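Presented below is the structure to which this report refers.
The values are calculated or read from the model by the stated rules, or taken from the named source; none is laboratory data. Treat the numbers as computed from the prediction; the structure is a model and nothing was measured. Glycine also receives a Cβ, built like all others from the backbone with ideal geometry; neighbour counts cover every protein chain displayed.
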Amino acid sequence: MITKSVMAMLIGFILALIVAIILIPLLKKIHAGQNISIYLRKAHKNKQGTPTMGGLIFIIPTFLTIIILFCLNKIHFSYTLLIILFTLFSYTLIGFIDDYLIIKRHNNKGLSQTAKLALQTLVAIIFFYLFMKGGNEPLLWIHSLNFKLDIGFFYGLFILFVLVAVSNAVNLTDGLDGLAGGLSFICFVTFGIIAWNTGWLDGYEDIAVLSFVIAGALLGFLMFNVNPAKVFMGDTGSLALGATLGAYAIMTRHEVLLILIGLVFVIETLSCIIQIIYYKFTKRRIFPMTPIHHTFEKMGMKENVIVRMFWMVGLVASLLALLYGVVI
């Protein structure tokens, strides 16, 4: 188990380094630069033009590694694995289209919110169909409490909420160099450990290995994404990472525990929601700027200090989640 996980991470890491070395110059050549928001240009003016679509640096190696492991007979294309790979590919495609339109138009206007939500909803509906076709029950299941609640059709809406909410939460968090990538690495290692302990799930070994593959590829990506970033993951990466985390939570029946595992993503999203609601009723802002990592910037904290602090919060939250979800 440990050997297979380490091998999966190592192959993902090495391939991500190779893809990055090839892809980053290519992205620069085609002028796939990020347009920094007008509200952030003062603090992040040196980031203007940094290549985006960097999510391909860990997405491409993930699929290549899975093919390599399959050829080595170290992994099998189980039904559960195919559902998660479908989610990863589908949300990568949505994010890629969004990034492509942003680059083509030379502004931050990619897919409209309506179009993006419609595509995310379509993928969630297909996910629910595949999920139920695989013999799964529409249960809200808390293992440690031995609590099961059959919510029927509403589980489809619940899946939609999880996939869309988590994908957009990671997208919101992707505002500082290395922040979303580092937190996602922690989350995927956590879900890899959880998956190894879901022996009741068909294909649990395969999705556990995939989780470590993604973690390894993310490590390779972070070599080029930590401050000062040479490339950004863009929506290509952030939407894919968030939706895939949501898929892991659903397939392993740890949807509620995902709140703790992705605690920083939750806090970032809540800060935006609170800001919007508070401003609507008072015409004032409760935070200087959201997502909340920008508030810490406004307070004078350096970017790399904020990122390390958020990483530590994410790590502690994931360790607590493992203690609760695996040990207890």
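Laid out as a table, the results:
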read-out: Selection status of Thr236, of a type outside the set (Phe, Trp, Tyr) and in a helix (DSSP H, G or I); value: yes
read-out: Looking only at the range 30-61, and only at residues there that are part of a helix (DSSP H, G or I) and modelled with pLDDT of 90 or more, the one that is surrounded by the fewest Cβ atoms within 10 Å (Cβ to Cβ); value: Ile60
read-out: Residue count, the range 101-116 (criterion: on the phi < 0 side of the Ramachandran plot and loosely packed, with under 15 Cβ neighbours inside 10 Å); value: 9
read-out: Hits in the range 179-214 (condition: assigned to a helix (DSSP H, G or I) and acidic (Asp, Glu)); value: Glu205, Asp206
read-out: Residue match in the range 296-311 (condition: closer than 21 Å to Leu163 by Cβ, modelled with pLDDT under 95 and outside any helix (DSSP H, G or I)); value: no
read-out: Selection from the range 262-277 of residues that are within 25 Å of Ser184 (Cα to Cα) and out of contact with any Phe, Trp or Tyr (no Cβ under 7 Å at 6 or more places or on another chain); value: Gly262, Leu263, Phe265, Val266, Ile267, Glu268, Thr269, Leu270, Cys272, Ile273, Ile274
read-out: Enumeration of residues in the range 78-113 that are within 21 Å of the chain's Cα centre (by Cα) and polar (S, T, N, Q); value: Thr80, Thr87, Ser90, Thr92, Asn108, Ser112, Gln113
read-out: Unmet requirement for Leu201, which otherwise passes all of (1) of a type outside the set (Gly, Ala, Ser); (2) more than 29 Å from Ala16 (Cβ to Cβ); (3) surrounded by fewer than 21 Cβ atoms within 10 Å (Cβ to Cβ); value: (2)
read-out: Members of the range 215-243 that are within 10 Å of the chain's Cα centre (by Cα) and under 17 Å from Met9 (Cα atoms); value: Leu241
read-out: Segments classed as helices (runs of 4 or more DSSP H), wholly inside the range 71-178, with at least 3 members that are touching a Pro at 6+ places or on another chain (Cβ under 8 Å); value: 154-173
read-out: Pairs with Cβ under 6 Å, 6+ apart, first in the range 97-121 and under 22 Å from Ala32 (Cα atoms), second crowded, with 19+ Cβ neighbours inside 10 Å and charged (D, E, K, R); value: Asp98/Asp235; Asp99/Asp235; Gly110/Asp98; Leu111/Asp98
read-out: Qualifying residue in the range 278-292 (condition: touching a His at 6+ places or on another chain (Cβ under 9 Å) and within 16 Å of Ser184 (Cβ to Cβ)); value: no
read-out: Members of the range 1-18 found to be in contact with a Ser or Thr (Cβ under 8 Å, 6 or more places away or on another chain) and within 11 Å of Ala215 (Cα to Cα), listed by number; value: Ala8, Ile11, Gly12
read-out: Number of the exception - His293 against (1) under 26 Å from Ala124 (Cβ atoms); (2) surrounded by 14 or more Cβ atoms within 10 Å (Cβ to Cβ); value: (1)
